[in-house]
Amino acid sequence: MLTLLKLLIAGFIGLGLGLAATYLALRRQFSPERVKLGIWTTIPQIGTNEIDPYARARIAWSGEVPLGQGEGWTLTARHDNQNRPLKANCTYWLSGTMPVSRFWTITVSKSNGDLIDNQTHRPSLTSGEVVYGEDGAAPILLSHDVQPGNWLQLPDSGSFMLTLRLYDSSFSPLAGNLIDDTQLPSLARLSCP
């Protein structure tokens, strides 16, 4: 009887540790296929049949519909240029040119990927609505307070992440034609109380 009790306890501990490890892998968006490009990260196989099991499980858990192989490319940023986590009470400057693509979007979301609820009810900007400079760049200010020009409102508090989606891009991560991190916008923290 004591041996059966020990086996049951060991089984429950193993089950609990396995479920906890799976939950953390999904929550932290772990993937062995993840590619880091400066502040941006991507999983090139995410819209293909070669997707890794961790990314597949995260998609099933979140209900997210990833861009297909021929549709585009998704990149996320959770840190600024100095590798500091993105904080909603800070002000950031997203600058540099966007990679060549037919259309792009930049979205502010919670650190778990959920869209934020802000006063503007607008968590993203698109390539069709930003004001471009003479150099072809579209700098964007990210802050909680209203700003003139290209501006995205940050959530009231906590951390956040940025998602850059490139639709119909000339870059193909699966063909080995990766974007160089110098071709992606950078994110500088301007102020932080």
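The values are calculated or read from the model by the stated rules, or taken from the named source; none is laboratory data. Fair warning: this is a prediction, and the values are worked out from it, not measured in the lab. We place every Cβ from the backbone using ideal geometry, glycine too, and count neighbours over all the protein chains shown.
A few notes on this one:
- Single match in Trp61, Trp40 (criterion: at pLDDT below 70 and within 29 Å of Ser157 (Cβ to Cβ)): Trp61
- Selection count, region 91-123, where residues are in contact with a Phe, Trp or Tyr (Cβ under 9 Å, 6 or more places away or on another chain) and part of a strand (DSSP E or B): 8
- Sole residue being modelled with pLDDT of 75 or more and either of a type in the set (S, T, N, Q) or surrounded by fewer than 10 Cβ atoms within 10 Å (Cβ to Cβ) (or both), chosen from Thr97, Thr22: Thr97
- Tyr132 vs. criteria surrounded by 13 or more Cβ atoms within 10 Å (Cβ to Cβ) and without any contact (Cβ under 8 Å) to a residue 24 or more places away in the chain: yes
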